[in-house]
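Reviewing the structure listed below.
The values are calculated or read from the model by the stated rules, or taken from the named source; none is laboratory data. Given the structure is predicted, the values throughout are model-derived calculations rather than measurements. So basically every Cβ, Gly included, is an ideal-geometry build from the backbone, and we count neighbours across all protein chains shown.
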Amino acid sequence: MRDGFSWGVSTSAYQVEGAVREDGRGLSIWDTFAHEPDRIADGSTGDVACDHYHRYGQDVALMADLGVSAYRFSIAWPRIQPTGAGAANPAGVAFYDRLVDELLGRGIDPVATLFHWDLPQDLQDAGGWTARDTAYRFADYADVLGAALADRVRLWITLNEPVVHLIFGHLWGMHAPGLHLFEDPFPVVHHQLLAHGLAAGALRGHGPTPIGIANNYSPAWPVGPDGRRDSATAADRAAAQVYATLQNWLFTDPILRGEYPAGLDAFPGAAALETLVRDGDLAAIGAPLDALGVNYYNPTGVGAPSHDTPLPFDIRLVEGYPRTYFGWPVVPDGLREMLVSLRERYGAALPPVYVTESGCAYADVPAATGSIVDSERIGYLDGHVGAVRQAAAGGVDVRGYFVWSLLDNFEWGEGFTKRFGLVHVDFATQVRTPKASYAWYRDLIAADRAGRG
Ligand code: IFM
């Protein structure tokens, strides 16, 4: 990445690309899942999404006008290897070649995520992340990408939010692949981590491009049944610690400390790690990393389990804060708190941090004039940029901030009902309309650049 602070925007392949049956792309678990009845709130799929596959030139122009210095996108594994193994599909690689060249031509650093949840369906049919072989397949895929793009990508992100893929995809079944592995989740944990480690090793063979991983981090706040912190009991506080272990440390300790966190015996199936972890795994997973991606949206309210649940905690709504259209509490200081917690836990082992996702969903209904005045989003982003500045002033080495998202897009199980973009997308016409927050972010970036001289 270039020197100085990176201002960016983020998207992911299945959420924006569309063109799911073009140029030899194979099926992913999200193609399968979204086409099943009752999986997606509005019955939509990512078949077309924002049609970014065809309109990427227009979208990069929007980024250039915004003034961002970096764009974080993800690569659809089934475009590169339609079945998740074997030779690269040249037409799939060519799309990312074109995208990367377009970005560089506009002075924007390409930040490429290798996996943002769209596993090739054939790999899922062979066990998906429950199978150790998927980690080896991922390393081969990384090797293909390294050979094709390492000369131009400025930062690699191996996995996006493995903890969300675990919880939503493999425990609660609300995301693809729709599983409920409450009794035996640790193969999905360890094989994702191993995939990260092996892929990082493969990418290193293609040159010095920095490598990181992005997780979803959230301060675990003990709250009582009324959602208030001051009514939390000792049992709620203990449950919050267990939750923090799952959400924040499970996928980070092995990478930055070379070991799994203490306290995993609170979770069913943790004993399986004894056989899952083979010689050399932790060394591969814990190899030095160049960057940590922090995706932050809100703190999580946690209480002691109050009903029959396979998990050792209850998730509770945090009360006392405004909420986004998603119902998530707006707590900018939670981002500062999380960044400081990471620095305190990992000390010198914490690599430079990039806030790789920060954003919010609001209704964003266009006015009669067509304009979209998303003042709440501006307030949200302003608060979170402020939190980053405070964390940096407090000594956390934060090198970038990426808004989720450039465009309104396919929000997984919520379909198109939740809009996160700085740019409004009319999904019937594909017309893009920058919102007021786009102009606000453009001005912020310009002012920051001017200030830095
Ligand atoms: O849209 C998602 C993204 O894919 C991963 N992080 C959270 C975002 C908002 O839910």
Evaluate the following for Ala266: is it over 18 Å from Val164 (Cβ atoms), surrounded by fewer than 16 Cβ atoms within 10 Å (Cβ to Cβ) and either more than 16 Å from the ligand (Cβ to nearest atom) or at pLDDT 95 or above (or both)? no
Across (1) surrounded by 23 or more Cβ atoms within 10 Å (Cβ to Cβ); (2) within 26 Å of Leu276 (Cα to Cα); (3) out of contact with any Asp or Glu (no Cβ under 7 Å at 6 or more places or on another chain); (4) among the hydrophobic types (A, V, I, L, M, F, W, C), Leu145 clears everything bar (2)
Pairing a residue in segment 151-164 that is touching a residue at least 24 places away in the same chain (Cβ under 8 Å) with any residue that is part of a loop (DSSP other than H, G, I, E, B) and of a type outside the set (D, E, K, R), where Cβ atoms lie under 6 Å and the two sit 6 or more apart in sequence or on different chains, gives Val153/Thr209; Arg154/Met1; Leu155/Met1; Leu155/Pro210; Trp156/Thr209; Asn160/His116; Pro162/Phe251; Val163/Phe251
Could you go through segment 67-79 and let me know if any residue there is in contact (Cβ under 8 Å) with a residue 60 or more places away in the chain, of a type in the set (A, V, I, L, M) and assigned to a helix (DSSP H, G or I).
no
Within segment 322-336, residues being surrounded by fewer than 17 Cβ atoms within 10 Å (Cβ to Cβ) and more than 16 Å from the ligand (Cβ to nearest atom) number 2
Turns out the strands (runs of 3 or more DSSP E) fully within segment 108-218 with at least 1 residues that are within 16 Å of the ligand (Cβ to nearest atom) and among the aromatic types (Phe, Trp, Tyr) are 109-115, 211-217
Has segment 358-366 got at least one residue that is closer than 30 Å to Val60 by Cβ, within 16 Å of the ligand (Cβ to nearest atom), touching a Ser or Thr at 6+ places or on another chain (Cβ under 7 Å) and among the polar types (S, T, N, Q)? no
For segment 1-29, the count of residues that are within 16 Å of the ligand (Cβ to nearest atom) and either in a loop (DSSP other than H, G, I, E, B) or on the phi > 0 side of the Ramachandran plot (or both) equals 4
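Rundown of residues vs (1) within 30 Å of Thr11 (Cα to Cα); (2) modelled with pLDDT under 95; (3) within 16 Å of the ligand (Cβ to nearest atom), yes/no style:
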{"residue": "Ala262", "(1), (2), (3)": "no, no, no"}
{"residue": "Asp279", "(1), (2), (3)": "no, no, no"}
{"residue": "Val294", "(1), (2), (3)": "yes, no, yes"}
{"residue": "Arg345", "(1), (2), (3)": "yes, no, no"}
Residue count, segment 201-234, condition exposed (fewer than 14 other Cβ atoms within 10 Å of the Cβ) and of a type in the set (A, V, I, L, M), comes to 1
Condition set hydroxyl-bearing (Ser, Thr, Tyr) and closer than 19 Å to Leu203 by Cβ, scope segment 93-142, selection surrounded by the most Cβ atoms within 10 Å (Cβ to Cβ): answer is Thr113
